[in-house]
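Okay, so here's the structure we're looking at.
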Amino acid sequence: MNLHGKRVTLHDMSLRDGMHAKGHQISLDEMVAIATGLDRAGVPLIEVTHGDGLGGASLNYGFPAHSDEEYLKAVVPKMQQARVSALLLPGIGTVDHLRMAQDLGVSTIRIATHCTEADVAEQHIGMARRLGLDTVGFLMMAHMISPEQLLEQARLMEAFGANCIYCTDSAGYMLPDDVSERLNLLRRELDPATEIGFHGHHNLGMGVANSLAAIEAGASRIDGSAAGLGAGAGNTPLEVFVAVLERMGVTHGVDLFALMDVAEDLVVPLMDQPIRLDRDALTLGYAGVYSSFLLFAQRAEKKYGVPARDILVELGRRGTVGGQEDMIDDTAMSMARERQAG
Ligand SMILES: C[C@H](O)CC(=O)C(=O)O
Ligand SMILES: [Mn+2]
């Protein structure tokens, strides 16, 4: 693969996707310290919100240590060069959240929907673009549909006003060929002015390889997390990815050693459990399950005595998607009953 001379914008997820791995309990001091370190390392974009985006604080998704507003107020003014992004899932976040984020200095809004539901993003994407924000359409669980179906959904988001479209491997299920097929088609068919991005999860250990495949297919934005802090086995580990980009001659603008230090000295010490490919995280990738279900399934294992791996396999079989967190307990409960009866 020859990527020499390509240019990519890296987007750190440790303070948003990493919130899943932390049960949304990152302190303001930790947020500011990590964001400041990433900013100094030259990471150009940093995402900050509840793991499920603006307005995610709820019984279904989990209550965070601080509100989105508090996190953004603490982080944004400290940034020297990095821009801050916020995620918003229509139905969870509202247009008021969007305005609030812009008022607090957020420059990039990423409107996320399940990969077949781009139509619910019309109002939010339209408004973000009218407000002059860098507006990204973020199609989650993109492994569940064909490249042609993904293109159809991407076209909707583009028509609503998104200037960048993401293929999001929320389950960490994709292999490099899956990424290439989807991104090649998006790059060929969307407006050349529309950027393409890729968000990977490392559940099959493919985060780096998949992100390289994405760049080869024309992606100009790639997500990753310092030390991989993110849902499931985490996101593409950003410092590892940067080292690989250096070796391959891709322009990224990040100071590799400064980023390694943020990962090692600031992010790893705050992990509640090592972000690694244990059997449950691996099952997410193998069975194509939404990465943020991991901790829910592990909690259900403790409550109902059904192994998290079995619960995750069943959730994959049932085709559950983000937003169906309440199904995890139901599934575990019915599996426990069946096992007791049988
Ligand atoms: C709300 C999800 O955590 C968004 C995301 O990062 C993904 O789908 O992956
Ligand atoms: Mn993610």
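The values are calculated or read from the model by the stated rules, or taken from the named source; none is laboratory data. Bear in mind that the values here come from a model prediction, so they are computed numbers and not experimental data. Counting neighbours? That spans all protein chains shown, and the Cβs are built from the backbone with ideal geometry, glycine included. These accessible areas exclude ligands, DNA and RNA; they are computed on the full protein's heavy atoms, side chains included. Shrake-Rupley method; radii C 1.70, N 1.55, O 1.52, S 1.80 Å.
Over 19 Å, how big is the tail of the calculated P(r) for region 1-135, in percent of all Cα pairs?
Numbers: 4409 of 9045 pairs.
Distances greater than 19 Å cover 49 percent of the Cα pairs.
Computed over the chain with a Gaussian network model linking Cα atoms closer than 10 Å, the most mobile of Ala263, Ala209, Ala128 is Ala209.
Working note: Karplus 6.51/-1.76/1.60 with θ = phi - 60° gives region 161-167 the couplings x, 5, 9, 8, 10, 9, 9 Hz, where Gly and Pro are set to x.
Leaving ligands, DNA and RNA out of it, rank Glu338, Glu216 by accessible area with a 1.4 Å probe, largest first.
So, going from the largest accessible area down, we get Glu338, Glu216.
Normalised by the number of residues in region 116-229, what is the relative contact order in percent for Cα pairs under 8 Å and 6+ residues apart? Reported relative contact order: 24 percent.
Leu175 to Glu246: FRET efficiency via 1/(1 + (r/R0)^6), r the Cβ-Cβ distance, R0 22 Å, to the nearest 0.05?
Working: r = 24 Å, r/R0 = 1.11.
The computed FRET efficiency comes out at 0.35.
At R0 = 56 Å, how high is the FRET efficiency between Ala193 and Arg339 if r is their beta carbon distance? Nearest 0.05 is fine. List each step's numbers first, then the result.
Values: r = 55 Å, r/R0 = 0.98.
So, using R0 = 56 Å, E works out to roughly 0.55.
With Cα atoms defining each centre, region 284-304 and region 52-73 are spaced 21 Å apart in the structure.
What's the local net charge at Gln153, with K and R +1, D and E -1, over the other residues with C-beta under 9 Å away? Spell out each step's value before the answer.
Values: positive: Arg155; negative: Glu117, Asp119, Glu152.
That sum, taken over residues with Cβ under 9 Å, equals -2.
Computed 3J(HN,Hα) for region 289-303, one whole-Hz value per residue from the Karplus formula 6.51 cos²θ - 1.76 cosθ + 1.60 where θ = phi - 60°, is 10, 3, 4, 6, 6, 4, 5, 4, 5, 5, 5, 5, 4, 5, 6, glycine and proline marked x. You can think of it this way: the chain between Glu70 and Ser146 has 23.4 nm of extra reach, that is 0.36 nm per residue less the Cα-Cα gap. Note on the chain: with neighbouring protein chains present and a 1.4 Å probe, carbon and sulfur make up 50 percent of its accessible heavy-atom surface.
Under 5 Å from the amide H of Tyr166 lie the amide H atoms of Gly137, Phe138, Leu139, Gly197, each residue being 5 or more positions distant or on a separate chain, with H modelled from the backbone and absent for Pro and chain starts. Rolling a 1.4 Å probe over the heavy atoms of the protein chains gives region 5-158 an accessible area of 36 Å² per residue. Here is how the number arises for the chain: DSSP H runs of 4 or more residues each give -39500 (n - 2.57), the sum is divided by the residue count, and the result at 222 nm is -12500 deg cm²/dmol.
Using the Karplus relation 6.51 cos²θ - 1.76 cosθ + 1.60 with θ = phi - 60°, the per-residue 3J(HN,Hα) values for region 264-271 come to 6, 8, 10, 7, 4, x, 8, 5 Hz, with x marking Gly and Pro.
Remark: accessible surface ordering of Lys302, Lys73, Lys6, Lys22 (largest first) is Lys302, Lys73, Lys6, Lys22, probe radius 1.4 Å.
Heavy-atom accessible area per residue, region 214-284, 1.4 Å probe: how many Å²? Show your work: numbers first, answer last.
Values: 2730 Å² over 71 residues.
Heavy-atom SASA per residue in region 214-284 reads 38 Å².
Computed over Cα pairs, the Kirkwood radius of the chain leads via Stokes-Einstein (1.002 mPa s, 20 °C) to a diffusion coefficient of 109 µm² per second.
For Arg317, Arg129, give me the order by solvent-accessible area with a 1.4 Å probe, most accessible first, ignoring ligands, DNA and RNA. Intermediate values should be presented prior to the final figure.
Values: Arg317 175, Arg129 115 Å².
Sorted by accessible area, descending: Arg317, Arg129.
Across all directions, the average flat footprint of the convex hull enclosing the Cα atoms of region 172-220 is 2.9 nm².
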